[in-house]
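Below: the structure, in structure tokens.
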Amino acid sequence: MQCRRLYSILVHMSTTNPKIFRAYDIRGKYPKEINSKFAFQFGYFLPQIIKLRKNPRKILVAADARPSSVILKSQLIKGLLRNKISVLDAGCASAPMLYLGVQQTKSDLGIMITASHLGKEYNGLKICRSDLQIISGTELKKYAKLFNQPPVSSPALGKYQKKDLLNDYLNFLLKKTSFPQKEKNYLKKIKIGIISPMAPVKFVLNRVAQKISLKINFSDIKNNKNDFAIGLDSDADRIFFFNALARPIPGDAIAALIADWLLKKYKGKTIITDERSSYLITEIAQKNKGKIFYSRVGHSFFKKEMARRRAIFGSEKSGHYYWQDLFYIDDGIFTLLQILKCLAFYKIPFSDLITKYQKYAGMAEQNFKIKNPEEKINAVKKHFQKKFRYTSSLDGLTMEFNDWRFNLRLAENEPLLRLNIEAFSKPILNKKFKEIKRIIKK
């Protein structure tokens with residue numbers, strides 16, 4: 001009966017903006033596309049369309065520090081409480097805190113209000129199940145009309161409770177990453193600059209630093225003599241590294257360093273990466289007799305592939321690093337701890353060590369705004385089709401040659417082409433980049 005009522009509502013509704021339902025999550029401009037009304041309706045209908053176990057039914061909710069997140073979280077919870085469920089409000093927290101909190105509280109679902117790295121004019125939602133696998137925006141898109149219904153008039157039936165995730169998260173990290181005294185003795189010489197994160201993340205970083213006698217500072221990374229520096233995105237599942245001169249380090253160089261260190265310890269294990277990343281990661285896996293597989297870009301795809309392959313580590317060039325030890329989630333702080341373990345293992349300064357993992361010439365991802373991106377991908381493929389040694393269509397177009405490679409893929413919900421390219425040398429890189437650019441701009 002309830003299913004027929006929901007179906008009837010879906011059929012007779014006006015259409016909401018479909019572009020907020022993305023492959024990985026839900027994201028849009030606040031308040032034009034994602035607002036209080038949407039948050040309430042989403043909260044009201046979500047438990048009815050997602051199959052939850054009968055008893056208990058529990059949902060954990062958290063939000064990042066952007067001003068609109070507080071408003072959206074409040075309305076989301078009000079909508080959720082119109083159902084016979086328990087809602088745990090974790091307040092302001094990181095996405096990894098929420099994910100691990102879902103495991104620790106045995107919740108049926110976790111909902112994180114964040115737009116990740118996007119600006120403050122955006123907001124969105126990440127939803128995960130009890131096994132921490134992601135419910136993508138694509139899965140929820142068919143219910144777009146339902147979420148756009150007028151507010152539902154019904155009493156609050158659920159149970160509300162606040163939940164502090166900080167200490168449980170901190171203890172879990174320290175349990176998973178122990179530092180023997182020899183490592184602490186080495187690490188206490190290191191000074192790390194940190195681009196100021198939101199308060200809960202700053203709290204965790206300070207407590208971790210105290211535990212292992214680490215020197216950290218939250219001032220301008222360019223005006224301090226740091227051994228290296230880091231930055232985290234707004235929900236702290238993504239981390240960026242900078243050398244002693246505050247110059248950014250490519251995400252795939254960090255991945256290559258971690259992969260090399262892990263596969264030295266765990267021979268024959270599996271790692272996952274994306275096709276944008278440097279071929280060096282593949283070479284490292286082969287050298288260490290490890291297995292390597294590729295995933296489409298995006299945390300919903302990566303987490304599924306990590307679990308399917310039982311991989312010990314996964315990496316995206318964009319700064320997401322996934323860990324078997326953390327139920328396959330991506331976590332910026334945990335990644336920092338593993339880098340510290342690497343440094344204590346090699347006993348080489350970060351800026352010197354990381355140069356070893358920047359073997360090939362590369363450039364930052366290049367974006368091209370064009371009206372017919374799919375046609376351009378086909379044109380590039382046709383131009384190089386007689387010269388490649390390997391090609392893949394897993395995520396856009398990937399082509400490898402004797403001395404260079406590239407990945408060309410469509411941006412999600414935008415008429416953009418994203419190009420990642422690397423080569424054995426800078427002259428080859430520049431030549432091939434100009435060649436591809438000429439085809440795309442033609």
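The values are calculated or read from the model by the stated rules, or taken from the named source; none is laboratory data. Keep in mind that what you see is a predicted model, and the values were worked out from it rather than measured. Neighbour counts run over all protein chains shown; Cβ positions are idealised from the backbone, glycine included. To get the accessible areas, we keep the full protein, side chains included, count just its heavy atoms, and leave off ligands, DNA and RNA. Shrake-Rupley method; radii C 1.70, N 1.55, O 1.52, S 1.80 Å.
Using the structure shown, select from K386/K431; K184/K347; K29/K159 the pairs with a Cα to Cα distance greater than 20 angstrom.
Exceeds cut-off: K29/K159.
For N223 and Y160 in the same chain, what is the full-extension length gain: residue separation times 0.36 nm, less their Cα-Cα distance, in nm? Working shown, then result.
Details: separation 63, 0.36 × 63 = 22.68 nm, distance 4.59 nm.
Between N223 and Y160, full extension yields an extra 18.1 nm.
What full-extension length gain, to one decimal in nm, is calculated for Q385 and I439 as 0.36 nm per residue of separation minus the Cα-Cα distance? Intermediate values should be presented prior to the final figure.
On the way: separation 54, 0.36 × 54 = 19.44 nm, distance 1.38 nm.
Full extension of this stretch gives 18.1 nm more.
Hey, with R₀ at 41 Å, roughly what FRET efficiency would L416 and R308 work out to, going by the Cβ-Cβ distance, to 0.05? Walk me through the intermediate numbers first.
Working: r = 29 Å, r/R0 = 0.71.
Plugging the Cβ-Cβ distance into 1/(1 + (r/R0)^6) gives 0.90.
To check you understand DSSP bridge types, tell me what percent of the beta bridges within the chain (both residues inside) are antiparallel, rounded to 5.
Working: 44 of 72 bridges.
Given both bridge residues lie in the chain, the antiparallel proportion sits at roughly 60 percent.
How much accessible area per residue does segment 264-404 have, in Å², with a 1.4 Å probe?
Computed with neighbouring chains in place, this is 47 Å² per residue.
With runs of 4+ DSSP H residues as the only contributors, calculate the mean residue ellipticity of the chain at 222 nm using -39,500 (n - 2.57) per run, divided by the residue total and rounded to the nearest 500.
Numbers: 16 runs with 171 residues, N = 442.
Result for the chain, helices only: -11500 deg cm²/dmol.
In a Gaussian network model over the chain where Cα atoms closer than 10 Å are linked, find which of Q338, Q286, Q181 has the largest mean-square fluctuation.
Residue with maximal mean-square fluctuation among Q338, Q286, Q181: Q181.
Please build a GNM for the chain, connecting alpha carbons under 10 Å apart, and tell me which residue among Y99, Y186, Y169 fluctuates the most.
Most flexible of the set in this elastic network: Y186.
How high is the FRET efficiency between K211 and K191 when r is their beta carbon distance and R₀ equals 22 Å, given to the nearest 0.05? Show your work: numbers first, answer last.
Working: r = 17 Å, r/R0 = 0.76.
For K211 and K191, the calculated efficiency is 0.85.
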